[in-house]
1. Before we move on, is ALA124 modelled with pLDDT of 90 or more, in a strand (DSSP E or B) and crowded, with 16+ Cβ neighbours inside 10 Å?
2. Between a first residue in the range 296-310 that is closer than 15 Å to SER340 by Cα and a second residue that is assigned to a helix (DSSP H, G or I), which pairs have beta carbons less than 6 Å apart while being 6 or more apart in sequence or on different chains?
3. Pairs please, first residue from the range 51-67 and closer than 12 Å to VAL152 by Cα, second anywhere and among the polar types (S, T, N, Q) and part of a helix (DSSP H, G or I), Cβ atoms under 7 Å, 6+ apart in sequence or on different chains.
4. Is there a residue in the range 416-433 that is under 30 Å from HIS288 (Cα atoms), of a type in the set (Phe, Trp, Tyr) and assigned to a helix (DSSP H, G or I)?
5. When you go through ALA119, ALA27, ALA112 one by one, which is the residue that is modelled with pLDDT under 80, more than 30 Å from ARG309 (Cα to Cα) and surrounded by fewer than 11 Cβ atoms within 10 Å (Cβ to Cβ)?
6. Going residue by residue through the range 371-380, is there one that turns out to be within 16 Å of THR275 (Cα to Cα), of a type in the set (Phe, Trp, Tyr), at pLDDT 90 or above and part of a helix (DSSP H, G or I)?
7. Among the residues of the range 313-320, are any polar (S, T, N, Q) and under 30 Å from SER132 (Cβ atoms)?
8. Could you list, ordered by first residue, the pairs with Cβ atoms under 8 Å in which the first is in the range 246-273 and more than 18 Å from ALA170 (Cα to Cα) and the second is basic (Lys, Arg), at least 6 apart or interchain?
Amino acid sequence: MKSIRSKLCFWFIAAVSFYFPIFSSTAADQNIPPSESLTMAEAIHIAVNQNPHVKAANFQVKAVESNTIQARSGFFPQIDFSETFNRTTNPMWAFGTKLNQGTITQEDFDPARLNDPDAVNNFATVFSLSWSLYDGGRTKIGWDQAKQNLEVASLMLQRTRQQVIAQTAAAYVGLLLAQKNIAVVNQALETARAHLKMIESRYRNGFVVKSDVLRAMVRIADLKQQHLQAESRVKVAAAMLNASMGSPGDKPLNPATPLAVEQEIDGEMEDWIHTALSKRLDLEKLRHQEEMARKEIDKSRAGHFPDLRLVGNYEIDSEDFSDTADNYTIGAVVKVNLFSGYHITGKTEAAKSFLNRLQEIRRAMELGIQVQTREAFLTARSSWERIPVAHTAVDQAKEGLRIVKNRYKNGLITMVTLLDAEEARQQAHTNYFKALHDYKVARIALALASGTIDTDFQ
């Protein structure tokens, strides 16, 4: 009796342990918010507005706009205000301070007072002016460089948007493929379970050996593991898409744009390469930087030219603000560098070397763009050609499985052949969806490489 009670307790505990994890999981699943349908166009729109890289590029543009304002300020006079308090017994400064205050009297010329004056307080209110009238063109060149740098920042913002669009589109297609893969595994699992029932029936009737049943059960166990892996890939793909959109990684997603056959890419390879070399924004950025480097050479050479500056100040002096005296000074300063210790020459040579470096970087980028475009074009073409082949393989695998299943029922072939036919159909479906995915990704890569991708990409 004690043994029976122990067994009953054991089975009760096992049943409760089995039930409550399922119940907890079900409750947890019920707390998951339902996912909203999301098209690729919507995902791209969200990413362009919320992706951190795009936001950072926007702030970079704003910062460069401020630099442009700073560069333009060199054309205007610089006016400063200062308020200074001094208390001194220095004979020269004391006499000069009283002179500025307009309070000099005959007694102040007494040698004793001149040599040992009393402490003098002074509040000096000064408005100063400095205006560069000519600096060899350095200010003008600097302003031109700042405007070009703003254009560079704008180009990089647009290129960042293109990269984010491509990243989002690829992540979206990756999620579609992951969902298709789990659907293929589910279909294979459903087929394997149906075959297991058939095999168990044939085993009970003595038509097959037990090893066939075991082989079918092993196949189901393997598919269950594949299902777990496929679920994990779906979650990873969803996290990647959320990250690209600037959303939390656990936000539920339900992609609504199907993974379907699309139109073949238009044009020839050379046309795409020509388009890439003319439209790539990062290449255009380098061209602007080259022009900025050329201006830097002119800017450094301007150090040999004279610098003409207008200066002046207006000053109000007072001991206690009851009586004041004012004065002004205005003048011009001409400065010409006669010898800089080859500083200007060295700066010019450095600017030339920087220009040469940028030119080589641009040439390297042009070669890289040609390779990227060529690779994307060839990949897209091969992926397109794979699609009908993979689709035909799906039909052949389905028909092959039907024939093998009937022959197995009639005892004409072994269990191994049936399992091979099952795996062949599963692999054919997987290959078909992979071909659709690869073509879509190749189109994305081609649009990005050619600089033609935008928010309207589908």
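1. yes
2. SER300/LYS347; SER300/THR348; SER300/ALA351; ARG301/THR348; ALA302/ARG138; GLY303/ILE344
3. ALA57/THR160; VAL61/SER154; VAL64/ASN149
4. No, the range 416-433 contains no residue that is under 30 Å from HIS288 (Cα atoms), of a type in the set (Phe, Trp, Tyr) and assigned to a helix (DSSP H, G or I).
5. ALA27
6. Yes, the conditions are met somewhere in the range 371-380.
7. Scanning the range 313-320 turns up at least one residue that is polar (S, T, N, Q) and under 30 Å from SER132 (Cβ atoms).
8. MET269/ARG374; ILE273/ARG374
The values are calculated or read from the model by the stated rules, or taken from the named source; none is laboratory data. The structure presented is a predicted model; accordingly, all values stated were derived computationally and were not measured. Ideal geometry is used to build each Cβ from the backbone, glycine not excepted, and the neighbour counts take in all protein chains shown.
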